[in-house]
Amino acid sequence: MNRPLIFEEYDYSKASTQFPLIEPSSSEKEVEDTAWQYTIDLMTDDYDILIESFVGEHLDNIWMMRKYHNDVLQALADQDYERIGKLVETAMGAFNQNVIEYIEEHQTQMEMRNV
């Protein structure tokens, strides 16, 4: 499967096709909702993305990923399943943040082009 659009260099044409409902005036909530829908669709279609996100691969850097792994292991040892859920939520949110940033770049490009 091809890597998701958000891992490529920004492309106006592809972004316009992928996010047709996004406009320069789209609210933060609309951007977030669109990003989550795209994230969920990607994870449904591409289990590698789901696994990468689950293990923290999209966190900012290797040290954050290692901390995430250690925190998950400690939470498992403590049988603190609520904490594990919050940690996974953070890891999934890191991937979603990449999507939000891509959509925000698209909004900026649309504004610059006066779309």
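The values are calculated or read from the model by the stated rules, or taken from the named source; none is laboratory data. Keep in mind that what you see is a predicted model, and the values were worked out from it rather than measured. Heads up, the Cβs are rebuilt from the backbone with ideal geometry, glycines too, and the neighbour counts pull from every protein chain shown. Remember, those area values only see protein heavy atoms, side chains included, never the ligands or the DNA or RNA. Shrake-Rupley method; radii C 1.70, N 1.55, O 1.52, S 1.80 Å.
What ranking of ASP41, ASP48 comes out by heavy-atom accessible area, probe 1.4 Å, highest first?
ASP48, ASP41
For segment 27-90, give the magnitude of the charge dipole about the Cα centre (Cβ charges: +1 Lys/Arg, -1 Asp/Glu; no others), in debye to the nearest 20.
The dipole magnitude comes to about 380 debye.
Please list the helices of the chain that count as membrane-span-like by this rule: a mean Kyte-Doolittle hydropathy of at least -0.5 together with Cα atoms stretching 15 Å or more along the helix axis, each helix being a complete DSSP H run.
Span-like helices in the chain: 62-77.
Count neighbours as other Cβ atoms within 10 Å of each site's Cβ, and list the trypsin sites (Lys or Arg not before Pro) in segment 31-115 that are DSSP loop with at most 10 such neighbours.
Passing sites in segment 31-115 are ARG113.
Rg and Dmax in Å for the chain, alpha carbons only: what are they?
16.1, 54
Considering the dipole of the chain built from charges on the beta carbon (Lys and Arg +1, Asp and Glu -1) around the Cα centre, which of TYR68, PHE7, GLY93 is farthest to its positive end?
Working it through, the farthest residue towards the positive pole turns out to be TYR68.
For ASP41 and GLU101, calculate 0.36 nm times their separation in residues minus their Cα-Cα distance, and state this gained length in nm to one decimal.
19.9 nm
Given a Förster radius of 25 Å and the C-beta distance between ARG3 and SER27 as r, what FRET efficiency does 1/(1 + (r/R0)^6) yield to the nearest 0.05?
So the FRET efficiency works out to roughly 0.30.
If the cut-off is a Cα-Cα distance under 27 Å, which lysines reach LYS86, setting aside same-chain residues fewer than 8 apart in sequence?
LYS29, LYS67
Taking the Cα centre of the chain as origin and charging only Cβ (+1 Lys, Arg; -1 Asp, Glu), how large is the dipole, in debye to the nearest 20?
Computed about the Cα centre, the dipole is about 180 debye.
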